[in-house]
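Bear in mind that the values in this text are calculations on the coordinates, not laboratory data. The structure displayed is predicted, hence computed values, not measured ones. Here the Cβ positions follow ideal geometry from the backbone for every residue, glycine too, while neighbour counts run over all protein chains shown.
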Amino acid sequence: MDEISTIGETKITEIKDGEVSSYSITPESVGLARVEVSHLAGGDAATNAEIVHSIVNGKKGPYRDITLFNSGAALYVAGISDSIKAGIQLSAEAVDAGHSKNKLQELVDYTQ
């Protein structure tokens, strides 16, 4: 996979304050469940749209977890959160507050 994954360990190398460090992160280390790759399977366009809608509507499960893991990492890299785990919490709050759903709807409206 080309993303931080909930199927196992992800190796990370980062430069912070001029120092290079490498470490591994697991879903369990940030409070998420480890899953089998089959739990993350997509499908055709309609299936994938259903998956996206389930995530932005707050449905808990493997699709939400991997999305939060990656968005949490993005918030950490952007300097918005102090850690990936804190970024996951911020991401979950945004989804649960409906912000992600609203942004998706704005994108849909713009492209139609």
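Okay, here's what the table says:
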quantity	calculated
Neighbour cut-off at most 16 other Cβ (10 Å), DSSP loop, GluC sites (Glu not before Pro), the stretch 1-68	E3, E9, E36
Two-site FRET efficiency, T111 against E19, from Cβ-Cβ distance with R₀ of 30 Å, rounded to 0.05	0.10
Under 5 Å, built H, 5+ apart or other chain: amide partners of I12	Y23, S24, I25
E50-S38 pseudo-label distance in nm [points 7 Å out on the Cα-to-Cβ vector]	1.8
Sorted peptide list for 90-100, 61-71, criterion being average Cβ within 10 angstrom, highest first	61-71, 90-100
Net lengthening on full extension, N57/I12 (0.36 nm per residue, minus Cα-Cα)	13.2 nm
Order of Y76, Y110 under a 10 Å beta carbon neighbour criterion, fewest first	Y110, Y76
Relative contact order computed over the chain (Cα-Cα under 8 Å; 6+ residues apart), in percent	21
